[in-house]
Amino acid sequence: MHPIAFSLFKSSPPATIRLITALLIFAITGCSIQPTAIHLEVTQQEKNCLNFFDQLDASISTLTFFEASVQRVDDYPIYRSDRFLASFSNQKLTPQEHIAWKKSLHKNAITAYQQEIARLPKNTNLPLPFNQSSVLSNIYQCTTNLKSYFLKKETNAPLNTARLQIKDNYSATARFFGIYPLSQWLAQPSMKNYQKEMTARYLKGQRKNSRKILYQPKTRKTLDIQFIQRTLANAYANNALHIPVLNSLDEQALLAHFSPNLSLEKTNSSDNIGSPEWGPNKKITVNTQKPSAYTFITYTRLNGQVLIQLNYGFWFPERPTQSSFDIYAGMLDGIIWRVTLDIQGKPFFYDSIHQCGCYHKVFLPQDVSYNTTNNTNESPLFFSINNVVLDSTHPVTLNIDSSSHYIVGISQPHSSLRSSLRPSLRSKSTKKTETIPYELSNYTSLSQLPTKNRRKSLFEKDGIIEQSARKERWFLWPLGVVNAGAMRQKGRHAIAFIGRRHFDDAFLWEKFDIKKSAW
């Protein structure tokens, strides 16, 4: 025994007991000792603002729900995170980069609050700290007044990865009880067959003599490539993280410029795009008299750069039954078309999913390569579009199959199809092709659709549309995707059954080594 330890037991019993007790207390608590926390002195105005946020969040939680497309940040009501912004949380940022990052987190919070407030009953009473009539103006004012408070708070509760990491859209419980190591192995042959089938369907294309509908944006103002380059260059230069954040007018201009045409095979009433609405029977319908694309901006990180992505969501009334036992059929259907621009503002590549997160397809120009060596089990389907002359002044046309609404081809028509359409125009250009204009709408409107008494989201609090549930979920649940086949909100799209992958993963394309031949 160590001499010091031995001498302890030679002391008087009471003294020994006291010393041992003290040592035990120190041993138990020593590991949990934290650096001295900075005491946050709060002014009365700050107290009022903190109480306002507490009451606002309590009202949202009780009377509606928080937006599932972004994630709340514990202890920071003025911020909301997403996968892209969370990807910066483990980096060492300069003070200027940190400010730019927090500005984007705050922009997320403002956008989410706007949607949540719109869904609150009109008679909701909140303790507004300022005389402004709107809740949103109080959010802006309180954010300014709490700036110093939250800066101090970062010392005790830093904005780190643990606080900002986004929960994935897979159920660990389902994978546990579904014996995932075995079930994912059993699913691999089916996944490979699916890839072969979908590739064959794409290569086959649309039926030659089928009736078609051509949807075009109602207004498309073609932008000069120099204007696009200048706009993006300014956006990159004005952000410390080199995120090309655009103002709303420039966003709308880019979204309109790159908006696609849709050539749809028409065999039934499901083959028309429209606007989701809440009906009087509390059921969601798609109003095909109001064709729309629901647009939003995202970003991706690739080869040390941040690239802007233009997203277009389209909705169909249903995916009709095509066999006696069709596990993929059900109410509501849709696709998301995404255009990733390079830093010069030219289309880098395209990809798409259905609104369920299924059928991820990537469309690459001839000068873009990829590598699936590390993702052999279930990679997206990659298609070359060498036959398409990618001119950024011409729109891309998506050739879409009937009923299943699969994209089965990409083309770029002549400029004769690019002319702007009058709002009332519904003309038949040929016996088999009808031309219909569609509107560009903000994706956020889907979270605040009008009903008889108040506004209501298309999505549930988990970001899923329960009404769109598919039978396939009963077969695929062991693979962990919650309610597989159901339509869901942006930010909630799991896009792989084997492994974990999300449509909004900030480093998605680095996993497939996407690059231009010149890089």
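The values are calculated or read from the model by the stated rules, or taken from the named source; none is laboratory data. Because the structure is predicted, anything quoted here is derived from the model rather than measured. In this analysis, Cβ positions are derived from the backbone assuming ideal geometry, glycine residues included, and neighbour counts consider all displayed protein chains.
Here Ile335 passes the criteria (1) within 19 Å of the chain's Cα centre (by Cα); (2) more than 20 Å from Ser411 (Cα to Cα) except the one numbered (2). So, in the stretch 457-495, of the ones that are among the aliphatic types (A, V, I, L, M) and closer than 19 Å to Phe177 by Cα, which residue ends up surrounded by the fewest Cβ atoms within 10 Å (Cβ to Cβ)? Top of the filtered list is Val482.
Residues in the stretch 103-118 that are more than 20 Å from Ser445 (Cα to Cα) and either crowded, with 20+ Cβ neighbours inside 10 Å or polar (S, T, N, Q) (or both): Ser104, Leu105. Just checking, which of Lys432, Lys428, Lys452, Lys456 is of a type in the set (Lys, Arg), out of contact with any Asp or Glu (no Cβ under 7 Å at 6 or more places or on another chain) and either farther than 23 Å from Lys290 by Cβ or modelled with pLDDT under 85 (or both)? Of Lys432, Lys428, Lys452, Lys456, the one residue that is of a type in the set (Lys, Arg), out of contact with any Asp or Glu (no Cβ under 7 Å at 6 or more places or on another chain) and either farther than 23 Å from Lys290 by Cβ or modelled with pLDDT under 85 (or both) is Lys432. Taking the conditions (1) within 19 Å of the chain's Cα centre (by Cα); (2) acidic (Asp, Glu); (3) within 26 Å of Phe349 (Cβ to Cβ) in turn, Glu466 satisfies each one other than (3). Of all residues in the stretch 149-189 being among the polar types (S, T, N, Q) and surrounded by 12 or more Cβ atoms within 10 Å (Cβ to Cβ), which is nearest to Phe497 (Cα to Cα)? Across the stretch 149-189, the extreme among qualifying residues is Gln184. Looking at the stretch 130-152, which of its residues are among the aromatic types (Phe, Trp, Tyr) and part of a helix (DSSP H, G or I)? Scanning the stretch 130-152 gives Tyr140, Tyr149, Phe150. Inspection of the stretch 321-331 finds no residue satisfying the criterion of being of a type in the set (A, V, I, L, M), under 25 Å from Ala235 (Cβ atoms) and touching a residue at least 40 places away in the same chain (Cβ under 8 Å).
To keep it simple, each residue is scored yes or no on (1) in contact with a Gly (Cβ under 9 Å, 6 or more places away or on another chain); (2) free of Cβ contacts under 8 Å to residues at least 60 places away in the same chain; (3) crowded, with 18+ Cβ neighbours inside 10 Å; (4) over 21 Å from Arg338 (Cβ atoms).
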position: Leu264; (1), (2), (3), (4): no, no, yes, no
position: Ser269; (1), (2), (3), (4): no, yes, no, yes
position: Glu277; (1), (2), (3), (4): no, no, no, yes
position: Thr288; (1), (2), (3), (4): yes, yes, no, yes
position: Thr295; (1), (2), (3), (4): yes, no, yes, no
position: Tyr299; (1), (2), (3), (4): no, no, yes, no
position: Phe316; (1), (2), (3), (4): yes, no, yes, no
position: Arg319; (1), (2), (3), (4): yes, no, yes, no
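Yes or no, residue by residue, for (1) assigned by TED's automatic domain parsing to the domain that holds His257; (2) at pLDDT below 95; (3) in contact with a Cys (Cβ under 7 Å, 6 or more places away or on another chain); (4) farther than 20 Å from Lys212 by Cβ:
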residue: Asn303; (1), (2), (3), (4): yes, yes, no, yes
residue: Ser352; (1), (2), (3), (4): yes, no, no, no
residue: Gly357; (1), (2), (3), (4): yes, no, no, yes
residue: Val362; (1), (2), (3), (4): yes, no, no, yes
residue: Asp367; (1), (2), (3), (4): yes, yes, no, yes
residue: Asp401; (1), (2), (3), (4): yes, no, no, no
residue: Ser416; (1), (2), (3), (4): yes, yes, no, no
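The criterion of at least 1 residues that are at pLDDT 95 or above and in contact with a helix residue (DSSP H, G or I) (Cβ under 6 Å, 6 or more places away or on another chain) is met, among helices (runs of 4 or more DSSP H) falling completely within the stretch 1-116, by 44-63, 83-86.
Scan the stretch 478-496 for residues that are over 23 Å from Phe316 (Cβ atoms) and in contact with a strand residue (DSSP E or B) (Cβ under 6 Å, 6 or more places away or on another chain) and the total you get is 1. Here the condition is being touching a residue at least 24 places away in the same chain (Cβ under 8 Å), within 25 Å of Ser292 (Cβ to Cβ) and among the basic types (Lys, Arg); of Arg220, Arg175, it holds for Arg220 alone.
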